[in-house]
Amino acid sequence: MKVPSLNLYIVDDDKDVRDSLAALFIARGYRVQAFESGESFLANADIHLCGCVLLDIDMDPGMSGLNVFDELLLQASPLIVTLLSGVLNVPTAAAYMERGVFYCLEKNCAESVLLQRAEQAMESAKILSEKLANKTDALKLWQTLTPSEKDVARVVRRGLLNKQSADMLGISRRTVETHISHIYKKLPLRSPTALDRFMRENDIE
């Protein structure tokens, strides 16, 4: 599998661990950035872009990995997080996986396991990146509609007859038909069902 050109971050206060992990992933074609603390990571990483982070739970002094993960959630970061620990606390791991952590691993796990989990995390990051890019493109298309066309789209998506839509909006049926034609050309779509799906998938109200 070709490694996606997304950042893989390593956050660990242990220089030896940090360096060995960085070397491991760089050798396999990953684009790696390493940080010695959660504070440095949050201040310098592109946390609002898709990618992955291997995050040490037990960093001292400063923020723990769990604190960093909480901050990523607070900032709605799309980063895929794998937590690392010298000795994994199973209840804590389970609780954080329920909150969105991709996986929890002990640092002494087999290299093959670490690489497999990293590959899976990066694949998830790639899929999310593509999804967000598609959504951005869709929103750009939506913004090409005039305010009147957006109003018509919000009604037409329900599958109403053109006359029903016109009555709801207080405009003529011909005006509705004209707007629908423009909507389908600009987005581009061909049916109320497709329009409804387009709006739902891209959180357009």
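Table for the structure above
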item	result
Tally, over segment 3-42, of residues that are of a type outside the set (Gly, Ala, Ser) and free of Cβ contacts under 8 Å to residues at least 24 places away in the same chain	5
Only one of Asp16, Asp60 that is farther than 25 Å from Gln116 by Cβ and surrounded by fewer than 16 Cβ atoms within 10 Å (Cβ to Cβ)	Asp60
Residue check for Ser85: in the same structural domain as Asp13 (by TED's automatic domain parsing), over 21 Å from Ser5 (Cβ atoms) and of a type in the set (Gly, Ala, Ser)	yes
Some residue of segment 110-120 being in contact with an Asp or Glu (Cβ under 7 Å, 6 or more places away or on another chain), closer than 23 Å to Leu6 by Cα and assigned by TED's automatic domain parsing to the domain that holds Asp19	no
Scan of segment 96-143 for residues that are acidic (Asp, Glu) and within 30 Å of Asp196 (Cα to Cα), ordered by number	Glu123, Glu130, Asp137
Number of the condition not met by Ala153 [criteria: (1) over 30 Å from Thr82 (Cα atoms); (2) over 26 Å from the mean Cα position of the chain (by Cα); (3) surrounded by fewer than 16 Cβ atoms within 10 Å (Cβ to Cβ); (4) in contact (Cβ under 8 Å) with a residue 40 or more places away in the chain]	(3)
Segment 95-109, residues that are under 20 Å from Met122 (Cβ atoms) and aliphatic (A, V, I, L, M)	Met97, Val101, Leu105
Segment 99-113, subset free of Cβ contacts under 8 Å to residues at least 60 places away in the same chain and not in a loop (DSSP other than H, G, I, E, B), residue surrounded by the most Cβ atoms within 10 Å (Cβ to Cβ)	Cys104
Test: residue in segment 125-133 that is polar (S, T, N, Q), in contact (Cβ under 8 Å) with a residue 60 or more places away in the chain and part of a helix (DSSP H, G or I)	yes
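The values are calculated or read from the model by the stated rules, or taken from the named source; none is laboratory data. Only a predicted model underlies this, so the values are computations on that prediction, with no experimental measurement involved. We place every Cβ from the backbone using ideal geometry, glycine too, and count neighbours over all the protein chains shown.
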